[in-house]
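The values are calculated or read from the model by the stated rules, or taken from the named source; none is laboratory data. This is a predicted model, so every value here is computed, not measured. All Cβ positions, even for glycine, are placed from backbone atoms using ideal geometry, and neighbour counts span all protein chains on display.
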Amino acid sequence: MTGDQPAAHPAWLPDKAFRTVGSRHVLVCADGPLAQTVAQEVAHAAEQHGGSLHHRPAGQAAPHPDGDNAEDGSGTEAHGGTSNGSGAAGEPRFDLVLALTGADDLPEAAAMVLAELDWRSGRGMLGAEGFALGRRDGVTVVLADEPAGLLHGLFQVVRLGETAFGATQPIEVHHPVTARRMLNHWDNIDAHPVMGQVERGYSGGSIFWRDGGLTPDLGRVRAYARLLASIGVNAVTVNNVNVHATEARLLTDRLGDVAALAEVLRPYGIRTHLSVNFNSPVALGGLPTADPLDDGVRAWWADTTRQVYAAIPDFGGYVVKADSEGQPGPFGYGRTHADGANTLAAALEPFGGVVHWRAFVYNHTQDWRDRSTDRARAAYDHFAPLDGQFAGNVILQVKYGPIDFQTREPVSPVIAAMPGTRLAVELQVTQEYTGQQRHVCYLGPLWHEVLAFEPWGDGRTVAAVAAGRGADNGPTGFEGGLVAVSNVGDDPFWTGHPLAQANLYAFGRLAWNPHLDPAAVLDEWIDLTFAPAATADPGLLRQTLHEVMDGSWQTYESYTAPLGVGFMVRPGSHYGPDVDGYEYTPWGTYHFADRDGIGVDRSRATGTGFTGQYPQPWAQVYESADSCPDELLLFFHHVPYTHVLHSGKTVVQHIYDTHFEGADRVARMRSRWAGLAGLVAPDLDARVRERLDEQSRCAQEWRDQINTYFYRKSGIPDAHGRRIH
Ligand code: GCV
């Protein structure tokens with residue numbers, strides 16, 4: 001227990017996940033704070049499972065059997081024997097060696113792996129975070145150029161379990177596809193009167209802030225950092241992009257709190273970033289203006305940023321939501337977003353910091369009668385003309401879809417429109433529009449699809465754009481990154497719904513390697529979290545989790561807004577059905593259903609022209625209702641209810657069928673889970689059951705409201721005569 005909080009669930013790194021490492025004899029041959037973290041992880045595991053740890057600095061000679069120059073980095077001697085046989089030069093024999101490529105006097109197996117690596121690519125090619133993994137002569141070897149690579153390599157060995165200690169393995173080199181893999185927390189220090197402490201948070205309060213200040217439970221923050229490091233996340237923002245008055249002061253007089261969090265995140269290789277308010281020079285600095293081209297304003301940002309780096313030398317940079325949903329921005333001063341971003345970038349540049357400038361800029365006070373304004377167009381219209389004008393340390397952060405994290409959207413055309421700008425793609429792990437962690441909705445398949453999308457249809461993917469890779473896979477010089485809104489809070493299960501942990505896990509893994517198969521990623525998470533092999537029925541446990549989770553995104557889609565039209569959620573909360581809830585509001589999220597048909601005409605020929613923001617082939621594919629993929633039809637076209645889809649069904653029959661099927665599938669998920677009795681911990685089981693009950697209720701409500709709405713609008717009965725109200 002921590003204070004009055006129940007103990008946190010260990011998530012995917014319980015002690016048992018470290019059994020294979022902890023029961024072995026391990027050498028860590030590296031120095032620096034991250035190497036210390038590696039050593040501490042191994043030492044803890046060795047204590048639990050009877051193995052041993054030797055930790056020596058990279059520049060130190062190997063220990064001799066009769067002398068003891070080993071240290072374990074945690075101040076405690078490792079458990080178990082210190083050797084299980086003699087190795088080269090009389091040194092103890094290790095099962096696992098984690099060493100820097102520059103280390104002296106490596107054990108023979110590690111030297112063999114290093115020689116092979118040198119022959120293949122040359123040392124120094126592993127980079128800041130990469131690692132090589134091989135197994136030679138019965139020894140598993142992880143080599144890295146930098147300690148961060150060893151940390152990632154250790155967690156890879158943990159993921160592999162016994163496989164890492166099996167047959168001789170060819171050397172694998174692992175690199176993150178993109179250098180920056182960031183989570184944004186939409187956490188407030190003070191609970192917001194409408195949004196609460198965590199905006200769009202469904203997992204309790206903030207893990208960073210409590211009672212108007214820094215959380216006293218920094219141990220929990222450390223445990224979070226560990227979880228994030230294990231999946232490769234290396235940057236975090238600690239406050240909401242809607243920066244309210246108290247949180248704005250994190251930049252100045254409350255900077256100490258940010259520094260305290262950075263201290264805790266740093267040993268796991270995670271850099272701290274801050275969301276800042278564009279108006280800060282006025283609100284915090286007392287200046288008469290926040291005009292980004294004003295000399296006084298520029299000096300204020302430069303001076304303030306200098307102080308940030310004095311407190312946090314490895315500070316990552318700023319995230320800015322400007323001219324968006326009421327947040328101030330450069331438009332207020334007649335300036336462009338490039339002007340605004342570049343002023344903050346200039347302040348960060350001397351210290352190597354970056355500005356993540358969000359492209360989520362649109363008119364949220366639209367007149368619903370005005371059919372010419374299309375929210376989907378907004379980000380492109382605002383930002384594409386600015387391509388090439390952003391400073392080198394500005395990263396434009398673009399939501400993956402043109403509207404707002406809907407269950408189904410096309411990929412944002414901005415991603416293909418700014419070759420001279422660093423772009424980060426923003427995903428939403430918190431399930432604002434995908435069931436709010438009351439519904440099981442495994443988002444790995446959605447993100448995989450987005451990251452693998454080819455905007456030009458030529459093999460170059462969204463992930464490649466974010467990674468700054470060109471058509472020939474060579475570096476473009478415009479590396480951005482992958483960012484996601486976190487789903488974590490101070491809930492004992494971290495994410496409210498215990499199965500929503502898998503989304504956080506999948507984000508990290510796919511950000512590291514977008515080519516991973518989301519089902520395989522889920523399998524990793526299942527292994528690490530539930531250790532099926534240690535249960536009475538591993539097959540049933542694994543199969544049930546896959547059955548409940550694998551297709552849960554498509555299931556969620558099937559009982560909510562149809563065919564890419566989006567929203568239809570209750571205004572404000574965004575939970576549960578309300579078909580016309582947003583139809584006559586200023587938010588620009590309409591479906592235009594009438595008695596004849598539904599959908600938004602975004603074609604060039606007759607609609608808003610949004611399809612013209614895509615390059616070929618998509619501009620053409622989306623332009624015609626005939627070639628538009630079914631799942632996006634209503635995003636791009638207004639069609640009659642009798643329009644026949646590629647599936648052969650009419651639109652209205654598709655709506656009826658998917659909604660009946662979706663609710664039925666949730667009922668099956670619920671009964672499958674009930675069959676797990678006794679195979680998972682009782683508290684977790686109870687939480688999942690409670691959530692599945694709610695998901696089942698809510699899916700029926702969606703089914704009935706959507707089907708009834710379209711039956712009443714269209715007057716067309718269900719071909720199968722099922723009950724519609
Ligand atoms: C943090 C959506 C959400 C808002 C969120 C916004 C954003 O509109 O509903 O809560 O604000 O996106 O991404 O900035």
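Checking the condition assigned to a helix (DSSP H, G or I), farther than 21 Å from MET568 by Cβ and assigned by TED's automatic domain parsing to the domain that holds VAL565, which residue from ARG668, ARG703 passes?
Matching residue, one of ARG668, ARG703: ARG668.
Yes or no: region 470-484 includes at least one residue that is touching a strand residue (DSSP E or B) at 6+ places or on another chain (Cβ under 7 Å), more than 19 Å from TYR202 (Cβ to Cβ), surrounded by fewer than 24 Cβ atoms within 10 Å (Cβ to Cβ) and without any contact (Cβ under 8 Å) to a residue 40 or more places away in the chain.
yes
Looking at region 446-460, which of the residues that are surrounded by fewer than 19 Cβ atoms within 10 Å (Cβ to Cβ) and outside any loop (DSSP other than H, G, I, E, B) is farthest from the ligand (Cβ to nearest atom)?
Residue satisfying both the conditions and the ranking: ALA452.
Do you know which of the residues in region 431-442 that are in contact with a Ser or Thr (Cβ under 7 Å, 6 or more places away or on another chain) and within 20 Å of SER573 (Cα to Cα) is nearest to the ligand (Cβ to nearest atom)?
Checked region 431-442; the qualifying residue nearest to the ligand (Cβ to nearest atom) is TYR433.
This table checks each residue for (1) in contact (Cβ under 8 Å) with a residue 40 or more places away in the chain; (2) in contact with a Lys or Arg (Cβ under 9 Å, 6 or more places away or on another chain); (3) not assigned by TED's automatic domain parsing to the domain that holds TYR318.
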residue: ASP118; (1), (2), (3): no, no, yes
residue: PRO147; (1), (2), (3): yes, no, yes
residue: LEU154; (1), (2), (3): yes, no, yes
residue: ALA167; (1), (2), (3): no, yes, yes
residue: VAL198; (1), (2), (3): yes, no, no
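So, in region 392-407, of the ones that are among the aliphatic types (A, V, I, L, M) and out of contact with any Asp or Glu (no Cβ under 7 Å at 6 or more places or on another chain), which residue ends up farthest from the ligand (Cβ to nearest atom)?
VAL394
Could you identify the single residue in LEU396, LEU344 that is hydrophobic (A, V, I, L, M, F, W, C) and within 30 Å of TYR442 (Cα to Cα)? Write out each step before concluding.
On the way: LEU344 fails: within 30 Å of TYR442 (Cα to Cα).
Answer to the selection: LEU396.
Could you list all residues from region 326-343 that are of a type in the set (A, V, I, L, M, F, W, C) and in contact with a His (Cβ under 9 Å, 6 or more places away or on another chain)?
Listed by number, the list holds a single entry, PHE331.
So, ALA463, is that one under 19 Å from VAL485 (Cα atoms) and more than 16 Å from the ligand (Cβ to nearest atom) or not?
Yes: the conditions hold for ALA463.
Would you point out the residue of region 408-430, among those that are within 16 Å of the ligand (Cβ to nearest atom) and part of a strand (DSSP E or B), that is surrounded by the fewest Cβ atoms within 10 Å (Cβ to Cβ)?
LEU427
Quick check on my filter: what residues within region 126-172 are under 25 Å from ALA424 (Cβ atoms) and surrounded by fewer than 20 Cβ atoms within 10 Å (Cβ to Cβ)?
GLY127, ALA128, GLY130, GLN156
Return the residues of region 1-52 that are in contact (Cβ under 8 Å) with a residue 60 or more places away in the chain, in a strand (DSSP E or B) and either at positive phi or polar (S, T, N, Q) (or both); say none if nothing qualifies.
THR2, GLN5 - these are the residues of region 1-52 that are in contact (Cβ under 8 Å) with a residue 60 or more places away in the chain, in a strand (DSSP E or B) and either at positive phi or polar (S, T, N, Q) (or both).
Would you confirm whether any residue within region 227-248 is modelled with pLDDT of 95 or more, in contact with a Pro (Cβ under 8 Å, 6 or more places away or on another chain) and either outside the structural domain of VAL521 (by TED's automatic domain parsing) or surrounded by fewer than 22 Cβ atoms within 10 Å (Cβ to Cβ) (or both)?
no
Residue pairs, Cβ under 6 Å, 6 or more apart or interchain, first in region 711-725 and closer than 16 Å to ARG595 by Cβ, second loosely packed, with under 13 Cβ neighbours inside 10 Å. List them.
Here the result reads LYS713/ARG595, each pair linking region 711-725 to a residue that is loosely packed, with under 13 Cβ neighbours inside 10 Å.
Every residue in region 356-370 that is away from the ligand (no atom under 16 Å from the Cβ) and either touching a residue at least 60 places away in the same chain (Cβ under 8 Å) or surrounded by 23 or more Cβ atoms within 10 Å (Cβ to Cβ) (or both), please.
Listed by number, the residues that qualify are ASP367, TRP368.
In region 461-497, what residues are assigned to a loop (DSSP other than H, G, I, E, B) and of a type in the set (D, E, K, R)?
Correct list: ASP472, GLU479, ASP490, ASP491.
Please determine whether any residue of region 372-384 is at negative phi, in contact with a Cys (Cβ under 7 Å, 6 or more places away or on another chain) and within 16 Å of the ligand (Cβ to nearest atom).
no
Only one residue in GLY286, GLY352 is of a type outside the set (Val, Ile, Thr), at pLDDT 95 or above, touching a strand residue (DSSP E or B) at 6+ places or on another chain (Cβ under 9 Å) and away from the ligand (no atom under 16 Å from the Cβ). Which one?
None of the other options fit; the residue is GLY352.
Report every pair of residues separated by at least 6 positions or lying on different chains whose Cβ atoms are under 9 Å apart, first residue within region 378-405 and within 16 Å of THR608 (Cβ to Cβ) and of a type in the set (Ser, Thr, Tyr), second part of a loop (DSSP other than H, G, I, E, B) and modelled with pLDDT of 95 or more.
Correct list of pairs: TYR380/ALA359; TYR380/PRO402; TYR380/SER412; TYR380/ALA417.
Working carefully through the options THR365, THR373, THR343, THR421, find the one that is of a type in the set (S, T, N, Q) and within 26 Å of LEU451 (Cβ to Cβ).
THR421
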